[in-house]
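Report on the structure given below.
The values are calculated or read from the model by the stated rules, or taken from the named source; none is laboratory data. None of the values given here were measured: they were computed from a predicted structure. No Cβ is skipped: glycine too gets one built from the backbone with ideal geometry, and neighbour counts run over all protein chains shown. Ligands, DNA and RNA are stripped out before the accessible areas are found, and what is left, the full protein with its side chains, is counted by its heavy atoms. Shrake-Rupley method; radii C 1.70, N 1.55, O 1.52, S 1.80 Å.
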Amino acid sequence: MINFADRNLRILHLEDCIPDHEMIRELLEDQEFKIQIDRFENKESFISAVKAKKYDLILADFNMPAYDAFRALEDAKENCPEIPVIVVSGTIGEERAIDLIQKGAVDYVLKDRPARLPSSIKRALSDKAEMEARRKAEEELFASREQFHLLFNSSKDAILITSEEGIILAANPAASKISGFTNSELIGKDYMTLIIADESKIHYFYECRDKRNEFSCEFNVRRKDSSICPAEISFSYFNDGLDKVKTSMIIRDISARKQAEEKLRTAKEKAEESDRLKTAFLHNISHEIRTPLNSIIGFAEFLTEDNLTSEECAENGKIIIESSHKLLSIITDIIDISRIEAGRETFRLEEININQILEKLKSKFSWLAIEKKIEFNINSLLSPLEFIISSDRIKLETILDHLLDNSFKFTHTGFVELTCSRSGDNLEISVKDSGIGIPAELHEDIFRQFRTVEISDTKSYGGLGLGLSICKAFVEELGGTITVDSSPGNGSAFYIAIPSFKGINAERHVRVPQEPKKQKEGNKFTIVIAEDDSLNFMLLEKILSSLDVVVLHAENGLQAVDFCRKNPAIDLVLMDIKMPEMDGLTATRIIKGERPDLPIIAQTAFAMDADIAIAKDAGCVSVITKPFDKGDILSKIVQYLLPD
């Protein structure tokens, strides 16, 4: 093994850019190479230096004025074929890189990834040393029988000695290992029976053989069992001392190298595909975000005009609300996929009523079905005692919401149908539609990030290509599976199976009639809104105005605690989480410690599952996330003020 730290390396550097030359010098010196590196920048000076034969290695730029690496390789091989050449250049493309290797370069290193150069130099010089040793051994082969047998029998490469006619006279153990033939089976065989190649290579080989030129090329070797082994085969000729020409044939198994090259090619193709998809995603996300923003800003500006009728104001408001929900959905998808990618998505299993989720979905999508004139059905095949399941409510709602949204998006006529049933401990859900369908070759791709049925600037359908990848991630984290059955023109059917019934005792969820809490006689209910943002407080106050309640405003957690201590008439608290002086979680713990029966509902912009769990652990009976949904707020307040 070469000790590079103790060896002075003489390097010929063909480079017209001085900064690049200095960068390589500094890199090698940083790696503790002892080097003398001389720079040449044109053909004349390069050839003159090469002919001097005083260098251990040549580093060549790919492209220079009036000279390039291909011609430099030819000149180097003509004048000093023993000196290895490494091409160091900018991006040159895979095909050119392969051409350079085939024409004699031992490696190529990209200038924007120079860290590989030191190891490449070590390998090139090691290979050079190995080749020099092998050549020297071949020259001394018949002068020293003991040395010949040592090299011949211990080589990992197959070595065949053949007659001038191509008949195998001797074969080392590695030849049997590579070919599968025994030594006695190889002796007397024509070596061409082992080689598989196209006509051009065979023709070139015969041409070199007739001229007694040394020859090296990649061929396939046909093994005894008819399997194929990719190999690098080198031929050289020598006189056996009896005026007879013999051929030394060295066969190197390059299966591992070919596999590595194939993996590299596959990785490159995947990286290029990923880059293409991400580019399409970034292009698409700009469109998807700006479209609802355009509607929100545009129609909000119209609302400031004085000559609008009440009908026009209502229509503008409706458009703003719809566009806001669309924008929120896009942002939620981006956050979800980011957390999935970062491995930070968490799941909170609890016993939930699947019927409540189905009713919510029916309410959400029924208007869309009416608008698109599509039949929409939700079918539950669950018995009354099977409505209670163990799952993550938010994740399950997200999965079904994405699947239904997908079906409505790609269905123009016909139907969309969701069906729930039970199979053992699994909740089975199918979402079927009569939409455009999905080609079989895309059935796996649609569950990958940024994938859609179409990727182009002329898309007929909105979306970021994240919904189904989010569905798959959530389903699998819940321990389930998701599959698709679809073909173009025949609609689509998505099938989900999620473990949801194990350990469930549904009977304890059967509701027992309770005596309703009575409305206060002569007094209104009192609600504290703990919120430091004045606009959010104004919004909540306006929402609560329809309930005819007394509203108290606490601007921080300390004020909320003080109100609840001094005013026993307070019936409910809407608690923001992030506030000055004292945060909402601390305030909730203090209030619940003093008034455990006082319902506190968190209202927060922290919308992740972990945040919701923390709020509930602090004592909040429920959580309302920003941006607010008026119906959700009112229903939860009524639920805790006037429970059934």
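Protein heavy-atom surface of the stretch 530-626, 1.4 angstrom probe: 55% of the accessible area is carbon and sulfur, with nucleic acids and ligands not counted. Placing unit charges on the Cβ atoms of the charged side chains and taking the dipole of the chain about its Cα centre, the candidate lying farthest along the positive direction among 475, 309, 17 is 475. For the chain, the Cβ-based charge dipole about the Cα centre amounts to some 1320 debye (Lys, Arg positive; Asp, Glu negative; other atoms uncharged).
Find the relative contact order for the chain and round it to a whole percent, using C-alpha pairs within less than 8 Å whose residues are 6+ positions apart. Rounded, it is 6 percent for the chain. When nucleic acids and ligands are ignored and a 1.4 Å probe is applied, residue 204 ends up with an accessible area of around 120 Å². A 1.4 Å probe run over the protein chains yields, for the chain, 55 Å² of accessible area per residue, whole-number rounding.
Residues 483, 91, 588, sorted by accessible area with the largest first, give 91, 483, 588 [1.4 Å probe; ligands and nucleic acids excluded].
Taken one residue at a time, the phi angles of the stretch 547-553 give Karplus couplings (6.51, -1.76, 1.60, θ = phi - 60°) of 8, 6, 10, 8, 10, 10, 9 Hz. Gly and Pro are set to x. Once the chain from residue 350 to residue 27 is taken as fully extended at 0.36 nm per residue, the excess over their C-alpha distance is 110.5 nm.
Quick check on my link table: of 43/136; 372/630; 472/616; 318/409; 432/472, which ones sit more than 22 Å apart, alpha carbon to alpha carbon? Where the Cα-Cα span goes over 22 Å, the pairs concerned are 43/136; 372/630; 472/616. Across the stretch 61-78, coupling constants 3J(HN,Hα) worked out from phi with the 6.51/-1.76/1.60 Karplus curve, θ = phi - 60°, read 5, 6, 9, 9, x, 6, 7, 9, 5, 5, 6, 5, 4, 4, 5, 5, 5, 6 Hz, and Gly and Pro carry x. When the charge dipole of the chain is built from unit charges on Cβ atoms (+1 for Lys and Arg, -1 for Asp and Glu) and taken about the Cα centre, the candidate among 289, 119, 175 whose Cα reaches farthest toward its positive end is 175. Going by accessible surface with a 1.4 Å probe and the largest first, 225, 629, 576 read 225, 629, 576. Remind me, relative contact order of the stretch 63-212 in percent, using alpha carbon pairs under 8 angstrom and six or more residues apart? Over the stretch 63-212, the number comes to 12 percent. If R0 is 30 Å, the Cβ-Cβ spacing of residue 635 and residue 279 corresponds to a FRET efficiency of close to 0.10.
When both the stretch 527-585 and the stretch 77-122 are represented by their alpha-carbon centers, they are found 71 Å apart.
Can you classify the stretch 72-133 as rounded, prolate or oblate using the Cα gyration tensor, where a ≥ b ≥ c are the square roots of its eigenvalues, rounded means a/c under 1.5, and otherwise it's prolate if a/b beats b/c and oblate if not?
Working: a/c = 2.22, a/b = 1.27, b/c = 1.75.
Cα axes put the stretch 72-133 in the oblate bin.
On the beta carbon distance between residue 360 and residue 203, with R0 = 56 Å, the FRET formula returns roughly 0.15.
Between residue 444 and residue 48, the modelled label-to-label distance comes to 6.0 nm, taking each label 7 Å out from Cα in the direction of the beta carbon.
Using Cβ point charges alone (K and R +1, D and E -1), the dipole size of the stretch 300-412 about the Cα centre works out to roughly 460 debye. Compute the distance from the alpha-carbon center of the stretch 8-76 to that of the stretch 295-373, in whole Å. About 64 Å separates the Cα centre of the stretch 8-76 from the one of the stretch 295-373.
Our helix-only sum for the chain, with -39,500 (n - 2.57) per DSSP H run of n ≥ 4 divided by its residues, gives a mean residue ellipticity at 222 nm of -14500 deg cm²/dmol.
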